[in-house]
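Below is one structure, written out as structure tokens, with a few remarks after it.
The values are calculated or read from the model by the stated rules, or taken from the named source; none is laboratory data. The shown structure was predicted, so the numbers you read here are calculated from the model rather than taken from an experiment. With ideal geometry, Cβ positions are generated from the backbone for all residues, glycine too; neighbour counts draw on all protein chains shown. Note: accessible area is taken over every heavy atom of the protein model, side chains too, but ligands, DNA and RNA are not part of it. Shrake-Rupley method; radii C 1.70, N 1.55, O 1.52, S 1.80 Å.
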Amino acid sequence: MLSRVANNLIWLDRYMERGYGILSLLKVNFYANQDSPELFSWTPIIHNYDVDGTNFSTEDAIECIEHMVFNTNNSNSILNIVTKARENARSVQEHISREMWLSINDYYLFLIDKNLPKKLQEEDPLEFLDNLKFFHLNYYANMEITQGRGASYYFLNVGRYLERVILISEFTALKLMEISKTTDKLEQSFYWKNLLLSIGGYRHYLKTHKSSFEQENIITMIFQDELFPKSVYYCINKLNKHINSLIQSNELEKNNLEFLLGKLESTIKYTTIESINAQGLDNFIKDIKEDIKNISLTVNTVYFSQVN
């Protein structure tokens, strides 16, 4: 497989995963902001996901959603993300199923409808965000049902789980910043609940720990749970499997990829809460993001140097 094709497949799924994560964050924050605007500001989300220095600032929910969905000056707007995903999908049409291509193209056409921004202003913003999330869910479903299991499928999943680990780490870091500003236990529990909702882990957590939002239990679930599909450990485990499949099919050389993945997987699995607390959760998260960055760079170096 050509290096360009592999790269486009990886980024196609990274963009779709990022878009879904941002939409989830916006929806959960909208709920929370309506009840407690003093606790759940829009500013941290804008600062974290508008990285282009547009200096946009607002505490109006609709204005923020409009900016994060439609503003073409923001590289992380949903419109820009889906446009880039569509460009990648178009360039690898022969490597993905027709259904996958159509789901992305339909999403793009939906977003560029001139009447769509007006709907955000006039209709329920939660329904608006749910409609956008549906396109991502449709894409995921088409990928799982119609995409053949082979190199293309594995590269798509490498992109998905790389991006998901980054998003989980970023969402957690965002809430830690807010939690650090208050010593009120009730307020802290609101932030933890908000984090769980943002990553789709609220009900999973309640099944195990009932209604008590304890930091140690939440951190254990987010980083070490083997069954929760948005835990860092689960994602690294999946990433390991898909990269090994690429190695076994001679699409990737071994190099030190297996070592880096195995090391990170073991670190996350066997690190104790006491150890995380000792080094600081923020430092623990920074180390994970750095390891993921190194793994991503190694995939590029190993694969592209092999072909080019």
(request) Could you work out how far the C-alpha centroid of the stretch 200-231 sits from that of the stretch 78-113, in angstrom? (result) 33
(request) Whenever you get a sec, compute what percent of the accessible area on the chain sits on carbon and sulfur atoms (1.4 Å probe). (result) 48
(message) Please list, in order along the stretch 189-196, the HN-Hα scalar couplings obtained from phi with the Karplus expression 6.51 cos²θ - 1.76 cosθ + 1.60 (θ = phi - 60°), rounded to whole Hz, x for Gly and Pro.
(response) 5, 4, 5, 5, 4, 4, 5, 4
(request) Compute the Rg/Rh shape ratio of the stretch 1-148: radius of gyration over Kirkwood radius, all on alpha-carbon atoms. (result) 1.00
(request) Give me the net charge of Phe228's neighbourhood, meaning all other residues with Cβ under 13 Å from the Cβ of Phe228; Lys, Arg count +1, Asp, Glu -1. (result) +3
(request) Between beta-carbons, use under 10 Å as the cut-off and find the net charge around Ser245, counting Lys and Arg +1, Asp and Glu -1. (result) +1
(request) Taking the Cα centre of the chain as origin, work out the dipole magnitude from +1 charges on Lys and Arg Cβ and -1 charges on Asp and Glu Cβ, in debye rounded to 20. (result) 880
(request) Among Ile292, Cys235, Ala278, flag the residue with its Cα farthest along the positive direction of the charge dipole of the stretch 157-307, charges on Cβ as +1 for Lys/Arg and -1 for Asp/Glu. (result) Cys235
(request) Compare the peptides 269-279, 16-26 by average per-residue count of other Cβ atoms within 10 angstrom and give them in order, highest first. (result) 16-26, 269-279
(request) Please calculate how many Å² of accessible area the stretch 1-148 carries per residue, with a 1.4 Å probe and no DNA, RNA or ligand atoms counted. (result) 44
(request) Step through the residues of the stretch 11-21 one at a time and calculate ³J(HN,Hα) from phi using the Karplus curve (6.51 cos²θ - 1.76 cosθ + 1.60, θ = phi - 60°), rounding each to whole Hz and writing x for Gly and Pro. (result) 6, 4, 6, 4, 5, 5, 5, 5, x, 5, x
(message) Cα atoms only: what Rg and Dmax, in Å, come out for the chain?
(response) 19.6, 56
(request) Quickly work out the Asp60-to-Thr146 label distance, labels modelled 7 Å from Cα along the C-beta direction, and quote it in nm with one decimal. (result) 4.0
(request) Beta carbons within 10 angstrom, averaged per residue: use that to sort the peptides 215-221, 169-175, highest first. (result) 169-175, 215-221
(message) Pairs of alpha-carbon atoms within less than 8 angstrom and 6+ residues apart define the contacts here; what relative contact order does the stretch 1-148 have, in percent?
(response) 27
(request) Please report the relative contact order for the chain, taking Cα pairs under 8 Å with a sequence separation of at least 6, and give it as a percent rounded to a whole number. (result) 20
(request) Answer with one residue from Leu257, His67, Phe135: the one whose Cα lies farthest towards the positive end of the charge dipole of the chain, charges on Cβ with Lys, Arg +1 and Asp, Glu -1. (result) Leu257
(message) Residue by residue through the stretch 180-188, what is 3J(HN,Hα) from phi via Karplus (6.51 cos²θ - 1.76 cosθ + 1.60, θ = phi - 60°)? Round to whole Hz and write x for glycine and proline.
(response) 5, 8, 9, 9, 6, 4, 5, 4, 4
(message) How much accessible area per residue does the stretch 157-307 have, counting only protein heavy atoms and a probe of 1.4 Å, in square angstrom?
(response) 48
(message) Could you work out how much longer the chain between Leu102 and Ala278 gets when fully extended? Use 0.36 nm per residue separation minus the Cα distance between them, nm to one decimal.
(response) 58.5 nm
(request) Please report, in debye to the nearest 20, how large the charge dipole of the stretch 157-307 is about its Cα centre when each Lys and Arg carries +1 at its beta carbon and each Asp and Glu carries -1 there. (result) 400
(request) Please state the charge dipole magnitude for the stretch 1-148, taken about the Cα centre, from unit charges on C-beta atoms (+1 on K and R, -1 on D and E), reported in debye and rounded to the nearest 20. (result) 720
